[in-house]
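Structure record follows, encoded as structure tokens.
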Amino acid sequence: MIPVSEPVLRGREAEYVAECLNTGWISSSGRFIEAFEGAWAAYCGRRFGVAVGNGTVALQLAVAALGIGPGDEVILPTFTIISCALAVVYSGATPVLVDADPETWCLDVRQVEAKITSRTRAIMPVHIYGHPVEMDPLLRLAQRRGLAVIEDAAEAHGAEYLASTEDGNAWLRCGSFGDVSTFSFYANKLVTTGEGGMVMTDDERLAQRLRSLRNLAFEPGRRFLHRELGFNFRLTNVQAAIGLAQVEQIDETVARKRAIGHRYAAALSVVRGVRLQPPGEWARSVYWMNGLVLDRATGLDAPALAERLRSLGAETRPFFLGMHRQPALLERGLFGGERYPVADEIAEQGLYLPSGVGLTDDQVDAVARATELALG
Ligand SMILES: Cc1ncc(COP(=O)(O)O)c(C=O)c1O
């Protein structure tokens, strides 16, 4: 069975972890934390990185640090992981949904403005499956309406967006946009620490606040005094050691992921009845996951195709199920009667194929052939 994803740890991971074990720096202090934060922030083009335990708490910390709370609204895509909605709900604020773009599967930027109310505080774009959101119009809208932008780049390590800057158009990395950006370093990500995440910003005061809230909000002058409620969202030095070794390999990782993505695109472009996530002209995806959406005319839905692919030796995963379909959110009185047809369609008809960085060309070809066979 060809797995959806497996981590590849072929750099200095073991050496750096051994250093932690041999020196005793196994908790959340130690040289690798700052080295990892600095290396990843520099790669993304950000001034500050604050490492945390995972990508879910990264979002929670970002929302908290911006002072978002009860009475506020945050706009986010319905087609995403529940972590995005949880961050908003845990803060006491209200998530407000936007449907997916049928081409990019990211939030449909054209639908955002209609969702802004006097309570809106922030927009949370999410780069889906390694493909960037169209950021320019979103950033302009946020600026015009005085809203914060929380960029969830959990799936988009190394992905680039052609942004208009003061010096003309430039390819900027995902994670460099908005007031704060977040990453996940779960084992299936392009950079992994096993479990891990990071919040990034260019704002020094916000970075300080993120650091304080990450670590229980100790008062600087009096350690066990707390003027606000913080969290323990710390990452360990051992995890950061793995992360630093992973960042050292990011160029090779991105290049290989793109090669896999392009190989799938070429092979599947001749298969009738499937739609991929075609990169916009302004996007350089990293193909975190290679997704496809089945035409209804095939007579198959995603679970039926997944079953056929499994019998042919390829593991798959279903697409996200929209936030407006989540009982845990609906029973809180959220999203009553709202309709998001694009998210529903791709949730029913979409799945992603084996996409790990360790896949060989032969495995990619075998999965593409299996897809063709399954649809034949
Ligand atoms: C878009 C997005 N945001 C946030 C997360 C949460 O990250 P984690 O699993 O590290 O908590 C994920 C997880 O994959 C994700 O895909």
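The values are calculated or read from the model by the stated rules, or taken from the named source; none is laboratory data. Bear in mind that the values here come from a model prediction, so they are computed numbers and not experimental data. No Cβ is skipped: glycine too gets one built from the backbone with ideal geometry, and neighbour counts run over all protein chains shown.
With (1) under 30 Å from residue 337 (Cα atoms); (2) buried (at least 19 other Cβ atoms within 10 Å of the Cβ); (3) within 15 Å of the chain's Cα centre (by Cα) as the list, and residue 112 as the residue in question, which single condition is left unmet?
Residue 112 satisfies all of (1) under 30 Å from residue 337 (Cα atoms); (2) buried (at least 19 other Cβ atoms within 10 Å of the Cβ); (3) within 15 Å of the chain's Cα centre (by Cα) except (3).
How do the strands (runs of 3 or more DSSP E) wholly within the stretch 128-194 filter down when requiring 2 or more residues that are within 16 Å of the ligand (Cβ to nearest atom) and within 28 Å of residue 347 (Cα to Cα): which remain?
Details: elements: 148-152, 160-165, 168-173, 180-184.
The strands (runs of 3 or more DSSP E) meeting that bar are 148-152, 180-184.
Taking the stated definitions as given, is residue 208 within 24 Å of residue 27 (Cα to Cα) and within 14 Å of the ligand (Cβ to nearest atom)?
Numbers: within 24 Å of residue 27 (Cα to Cα): yes; within 14 Å of the ligand (Cβ to nearest atom): no.
In short, no.
From the list 283, 304, pick out the single residue that is at pLDDT 95 or above and over 26 Å from residue 8 (Cβ atoms).
Working: 283 fails: over 26 Å from residue 8 (Cβ atoms).
When all the criteria are applied, what remains is 304.
Inspect the stretch 70-93 for any residue being within 16 Å of the ligand (Cβ to nearest atom) and on the phi > 0 side of the Ramachandran plot and give the result as yes or no.
Going residue by residue through the stretch 70-93, those that are within 16 Å of the ligand (Cβ to nearest atom) are 74-91.
Still in the list and also on the phi > 0 side of the Ramachandran plot: none.
No, the stretch 70-93 has no match at all.
Within the bounds of the stretch 96-117, is there any residue that is more than 27 Å from residue 253 (Cβ to Cβ), in a strand (DSSP E or B) and more than 15 Å from the ligand (Cβ to nearest atom)? Outline the logic, then answer.
Filtering the stretch 96-117 for residues more than 27 Å from residue 253 (Cβ to Cβ) gives 96-99, 102, 108-117.
Remaining after also requiring in a strand (DSSP E or B): 96-98.
Now drop any that are not more than 15 Å from the ligand (Cβ to nearest atom), which leaves 96.
Scanning the stretch 96-117 turns up at least one residue that is more than 27 Å from residue 253 (Cβ to Cβ), in a strand (DSSP E or B) and more than 15 Å from the ligand (Cβ to nearest atom).
Name the pairs whose Cβ atoms lie under 6 Å apart, with the first residue in the stretch 141-156 and over 16 Å from residue 74 (Cα atoms), the second away from the ligand (no atom under 16 Å from the Cβ) and modelled with pLDDT of 95 or more, and 6 or more positions between them or separate chains?
Listed pairs, sorted by first residue: none to list.
Which of the residues spanning the stretch 225-237 are of a type in the set (A, V, I, L, M) and surrounded by fewer than 23 Cβ atoms within 10 Å (Cβ to Cβ)?
Residues satisfying the conditions are 225, 229.
Residues checked against (1) farther than 25 Å from residue 105 by Cα; (2) touching a strand residue (DSSP E or B) at 6+ places or on another chain (Cβ under 7 Å):
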site	(1), (2)
44	no, yes
48	yes, yes
56	no, no
61	yes, yes
67	yes, no
70	yes, no
84	no, yes
89	no, yes
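Having 3 or more residues that are under 21 Å from residue 194 (Cα atoms), among the aromatic types (Phe, Trp, Tyr) and free of Cβ contacts under 8 Å to residues at least 60 places away in the same chain is the bar; report the helices (runs of 4 or more DSSP H) wholly within the stretch 1-72 that clear it. Working first, answer last.
Numbers: elements: 13-23, 31-44, 55-65.
Output list is empty.
Condition first: crowded, with 16+ Cβ neighbours inside 10 Å and charged (D, E, K, R). Now tell me which residues in the stretch 126-172 satisfy that.
Once the filter is applied, which keeps residues that are crowded, with 16+ Cβ neighbours inside 10 Å and charged (D, E, K, R), the stretch 126-172 yields 134, 136, 151, 152, 155, 160.
If you scan the stretch 195-224, which residues turn out to be within 13 Å of the chain's Cα centre (by Cα) and either surrounded by fewer than 19 Cβ atoms within 10 Å (Cβ to Cβ) or assigned to a loop (DSSP other than H, G, I, E, B) (or both)?
Within the stretch 195-224, just 196 meets the criteria.
Going through the stretch 317-334 one residue at a time, which ones are of a type in the set (Gly, Ala, Ser) and over 19 Å from the mean Cα position of the chain (by Cα)?
Matches in the stretch 317-334: 328, 333.
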